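**Q** So that we are looking at the same thing, I have put the structure below in structure tokens.
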Amino acid sequence: MNPVNYLYLAALLFTIGAVGVLIRKNAIVLFMCIELMLNACNLAFVAFSRMHGNLDGQIIAFFTMVVAAAEVVVGLAIIVSLFRTRHSASVDDASLMKL
Amino acid sequence: MENLIALLIAAPLLGAVVLLCGGRRLDRTGHWIGTLLAAVSFGIGVALFADMLGRSADDRTLTQNLYTWIPVEGFQADMAFQLDQLSMTFVLLISGVGTLIHVYSIGYMEHDERRRRFFGYLNLFVAAMLLLVLADNFLLLYFGWEGVGLASYLLIGFWQHKPSAATAAKKAFLVNRVGDMGLSIAIMLMFTTFGTFAFGPVFGAVGEASEGMLTAIGLMLLLAACGKSAQVPLQSWLGDAMEGPTPVSALIHAATMVTAGVYLIVRSGAVFNAAPDAQLVVVVVGAVTLLFGAIVGCAKDDIKKALAGSTMSQIGYMILAAGLGPIGYVFAIMHLVTHGFFKAGLFLGAGSVMHGMNDEVDMRKYGALRKYMPVTFVTFGLGYLAIIGFPGLSGFFSKDMIIEAAFAKGGTEGWILGGVTLLGAGITAFYMTRVMLLTFFGEKRWQPDAQGHEPHPHESPKSMTIPMVILAFGSVFAGAFFEIGERFLTWLEPVTGYEHGNPPVSAMTVTAATMVMLLAGVGIAWGMYGRRPVPVLAPRGSFLTRAARRDLYQDDFNHVVLVRGGEHLTRSLVYVDHSLVDGVVNGTAASVGGLSGRLRKLQNGYARSYAVSMFGGTAILIAATLLMRAV
């Protein structure tokens, strides 16, 4: 199969994730969308790696996974504590830091 | 011998340091230390004088270079002294009369708890004045000049608990600053023109400078002299300076301070000789001040202020003589020395009178004091005869010489100047006779003060009368001593130069005219104050009297022209500052503020709007990168 198709899929996934971040309010959904974008990137990296015939893209995909895992740990902790204090997971409610 | 020159200054300076830093443990001995060190300075002066007399006239200048004060490439100022006949004359006058005033102050300030400090300031005054006359360059002279200004400020305001004294000190200081500015500008001009400000090189190179530049330097030096010597237009501080203790007035008027201006002009004679326009201004200033001071002196009822007017007038004589050029320099200095004797004597006499009269200064409340204070009466009387120019006394010779020199100026100018000096002599006789009659003659007019204490006039202690007696001797004999064999002329001529003027009228005629003016002045004064009783409250008086009582409106003039003018200037500057400068600054701040207020709206706290801007920014960056690559 033509590896370019993987790139199309990656672009599609990324767009879905980006649109999700922009239009959804629920913090968990937002989080999932960010994960979706990250994994879209991973998919693109791996596809490029395959296309160019070297391992660079695959290594970067591992790095991205590590970063994503760390981000999930911190992000979920924030969401949980936010939910405990505000009883809501809506990101619009957490807009108190504005001037 | 030249190594002794620095000691002349060092002795009183040491006194000032010891007395001002020594603290209360010196309260009991401080006045003796101060007097002793002033006397040491006088002793060294006499030794140097004796040594100088032993050498020939061309070989009398001594110099001493202590160290290089400011060693900069192309700008060198030395801490160096020059003692020639002119400086010597001043040294003897300053330290001699200064020492007598120190002795007098021991008695006069006996009951003042800050007497030690007073003597410290007196020593500082003498040291600064000696530095001024001994400096061998203008920058060092300026140092002494400023020192004199500082010491006069401290002494005039010595009784600083009185607001009037504090104000008078401030006034003297500020008015003097105007003159000091003239001196500093003159030094700068000299440096740009000649590349140096040492006396020798500057006076030697006068021929190379343009007349315009010399006139500018001369006028700036004159401005400086006007400030220190209380000449019109910077005369207003002198009358108020009477707020200081009386010995200070004596010191300022006889030995230090006001003589500095005359010294400066005579010392810079080479510059003035080459700048006739500047000389003319000097003469005009002298003539105007001469009449100004004399008129003011006629109307004052405060004995010290009457004497202050007289000083202004006599210094006017000296400045006028100094402005005449080589025909007048010697006589300016001669009058300065004789004036030093009789004016110091007069002030000390006035102080003695005040001492016996519970510090009353209004002459209308004196009267008949000759019975109560015989020594003061006689010494003051001799000073009086000397200042009006009674034949044979010192003022007679020195003033006569100046009047002759004024006539010898030649042309219409000579007649005008001669007339002014003659008129001045007449007015001097009038106001001094008035002081004399009001104080020592007539009926007693003093009354009990508000607390019911009637003053008990008494003779002052020995420490006060002895200096007065010595000064009276000087007032009587100094003129004749100088004049016999033209001693003073021969002495000073190698430094200042001399050319004999030819007055259009004979010397005898001038003397006769002076005598007529003198008799007229004395006669009118006797008619007004001697023949009939003097009212205790001053009558309203004519317009001229009222104007003279207010110092011919000098303060009003200064207030209207300078104070108001300054206020208007600062107000307009404040307006410009508020509207223009602040406008620019505030405008910038306001526009930055407005812009940031708009930018703030972007920070709305909604995560998704930040996400949009992030996506937008990334998209723009990627688009730009692609675009750049395509190009």
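The values are calculated or read from the model by the stated rules, or taken from the named source; none is laboratory data. This is a predicted model, so every value here is computed, not measured. So basically every Cβ, Gly included, is an ideal-geometry build from the backbone, and we count neighbours across all protein chains shown.
A quick yes/no check of all residues on (1) farther than 15 Å from residue B:607 by Cα; (2) in contact with a Pro (Cβ under 9 Å, 6 or more places away or on another chain):
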{"residue": "A:7", "(1), (2)": "yes, no"}
{"residue": "A:20", "(1), (2)": "no, no"}
{"residue": "A:23", "(1), (2)": "no, no"}
{"residue": "A:40", "(1), (2)": "yes, no"}
{"residue": "A:47", "(1), (2)": "yes, yes"}
{"residue": "A:56", "(1), (2)": "yes, no"}
{"residue": "A:61", "(1), (2)": "yes, no"}
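**Q** Right, another one. So, restricting to helices (runs of 4 or more DSSP H) that lie completely within region B:1-113, which ones have at least 2 residues that are within 26 Å of residue B:254 (Cα to Cα) and touching a Pro at 6+ places or on another chain (Cβ under 6 Å)?
**A** By residue number, B:30-53, B:85-108.
**Q** While we're looking at this one, here's another question. Those residues that are part of a helix (DSSP H, G or I) and either among the aliphatic types (A, V, I, L, M) or free of Cβ contacts under 8 Å to residues at least 12 places away in the same chain (or both), I need them from region A:50-61; list them, please.
**A** Within region A:50-61, A:51, A:52, A:56, A:59, A:60, A:61 meet the criteria.
**Q** Inside region B:548-615, counting only helices (runs of 4 or more DSSP H) that do not spill past its ends, which hold 2 or more residues that are over 30 Å from residue B:538 (Cβ atoms)?
**A** B:565-576, B:582-600
**Q** Between B:570, B:545, which is polar (S, T, N, Q), closer than 24 Å to residue B:297 by Cβ and away from chain A (no Cβ under 14 Å)?
**A** B:545
**Q** Hey, another quick one. Can you give me the number of residues within region B:598-609 that are more than 10 Å from chain A (Cβ to nearest Cβ) and surrounded by 10 or more Cβ atoms within 10 Å (Cβ to Cβ)?
**A** Number of matching residues: 0.
**Q** Mind listing just one residue for me: the one in region A:13-34 that is more than 10 Å from chain B (Cβ to nearest Cβ) and either assigned to a loop (DSSP other than H, G, I, E, B) or among the aromatic types (Phe, Trp, Tyr) (or both) and, of those, nearest to residue A:81 (Cα to Cα)?
**A** A:31
**Q** Among B:184, B:210, which is the only one that is of a type in the set (Ser, Thr, Tyr) and without any contact (Cβ under 8 Å) to a residue 24 or more places away in the chain?
**A** Residue meeting the stated conditions: B:210.
**Q** When you go through A:89, A:77, A:61, A:70 one by one, which is the residue that is surrounded by 12 or more Cβ atoms within 10 Å (Cβ to Cβ), away from chain B (no Cβ under 14 Å), within 19 Å of the chain's Cα centre (by Cα) and over 30 Å from residue B:596 (Cα atoms)?
**A** A:61 is the lone residue from the list that is surrounded by 12 or more Cβ atoms within 10 Å (Cβ to Cβ), away from chain B (no Cβ under 14 Å), within 19 Å of the chain's Cα centre (by Cα) and over 30 Å from residue B:596 (Cα atoms).
**Q** Which residue pairs have Cβ atoms under 9 Å apart, sit 6 or more places apart or on different chains, and have a first residue in region B:530-559 that is within 18 Å of residue B:288 (Cα to Cα) and a second that is assigned to a helix (DSSP H, G or I) and polar (S, T, N, Q)?
**A** Qualifying pairs under 9 Å: B:551/B:236; B:554/B:236; B:555/B:236; B:557/B:236; B:558/B:236.
**Q** Next up: So which residues in region B:616-631 are farther than 30 Å from residue A:30 by Cβ and either part of a loop (DSSP other than H, G, I, E, B) or among the polar types (S, T, N, Q) (or both)?
**A** Answer for region B:616-631, where residues must be farther than 30 Å from residue A:30 by Cβ and either part of a loop (DSSP other than H, G, I, E, B) or among the polar types (S, T, N, Q) (or both): just B:631.
**Q** Residues B:514, B:490, B:439, B:509: which one is among the hydroxyl-bearing types (Ser, Thr, Tyr) and closer than 30 Å to residue B:105 by Cα?
**A** B:439
**Q** Here is a list: B:533, B:504, B:467. Which entry is within 30 Å of residue B:352 (Cα to Cα) and outside any helix (DSSP H, G or I)?
**A** None of the others qualify; the one that does is B:533.
**Q** For residue B:413, all conditions in the list (1) over 22 Å from residue B:400 (Cβ atoms); (2) charged (D, E, K, R); (3) at pLDDT 85 or above hold save one; what is the number of the exception?
**A** (1)
**Q** Considering only residues that are in a loop (DSSP other than H, G, I, E, B) and in contact (Cβ under 8 Å) with a residue 24 or more places away in the chain, which ones fall in region B:424-455?
**A** Answer for region B:424-455, where residues must be in a loop (DSSP other than H, G, I, E, B) and in contact (Cβ under 8 Å) with a residue 24 or more places away in the chain: B:441, B:442, B:443, B:444, B:445, B:446, B:447, B:449, B:453, B:455.
**Q** Is one or more of the residues making up region B:567-582 surrounded by 10 or more Cβ atoms within 10 Å (Cβ to Cβ) and in contact with a helix residue (DSSP H, G or I) (Cβ under 9 Å, 6 or more places away or on another chain)?
**A** Among the residues of region B:567-582, not one is surrounded by 10 or more Cβ atoms within 10 Å (Cβ to Cβ) and in contact with a helix residue (DSSP H, G or I) (Cβ under 9 Å, 6 or more places away or on another chain), which makes the answer no.
**Q** Next up: If you go through region B:371-394 one residue at a time, do you hit one that is within 18 Å of residue B:443 (Cα to Cα), outside any helix (DSSP H, G or I) and out of contact with any Ser or Thr (no Cβ under 9 Å at 6 or more places or on another chain)?
**A** Checked region B:371-394: at least one residue is within 18 Å of residue B:443 (Cα to Cα), outside any helix (DSSP H, G or I) and out of contact with any Ser or Thr (no Cβ under 9 Å at 6 or more places or on another chain).
**Q** Quick check on my filter: what residues within region A:5-46 are more than 9 Å from the chain's Cα centre (by Cα) and touching a residue at least 40 places away in the same chain (Cβ under 8 Å)?
**A** Across region A:5-46, the qualifying residues are A:6, A:7, A:25, A:26, A:27, A:28, A:46.
**Q** Checking residue B:587 against (1) closer than 30 Å to residue A:20 by Cα; (2) more than 14 Å from every other protein chain (Cβ to nearest Cβ), only one condition comes out false. Which one?
**A** Residue B:587 satisfies every listed condition except (1).
**Q** A further question follows. Scan region B:331-345 and give yes if some residue there is part of a helix (DSSP H, G or I), under 17 Å from residue B:105 (Cα atoms) and polar (S, T, N, Q), otherwise no.
**A** No, region B:331-345 contains no residue that is part of a helix (DSSP H, G or I), under 17 Å from residue B:105 (Cα atoms) and polar (S, T, N, Q).
**Q** Still on this structure: Of the residues B:270, B:294, only one is surrounded by 24 or more Cβ atoms within 10 Å (Cβ to Cβ), in a helix (DSSP H, G or I) and of a type in the set (Gly, Ala, Ser); which?
**A** B:294
**Q** Residues that are out of contact with any helix residue (DSSP H, G or I) (no Cβ under 6 Å at 6 or more places or on another chain) and within 12 Å of chain B (Cβ to nearest Cβ): does region A:36-58 have at least one?
**A** No: zero hits.
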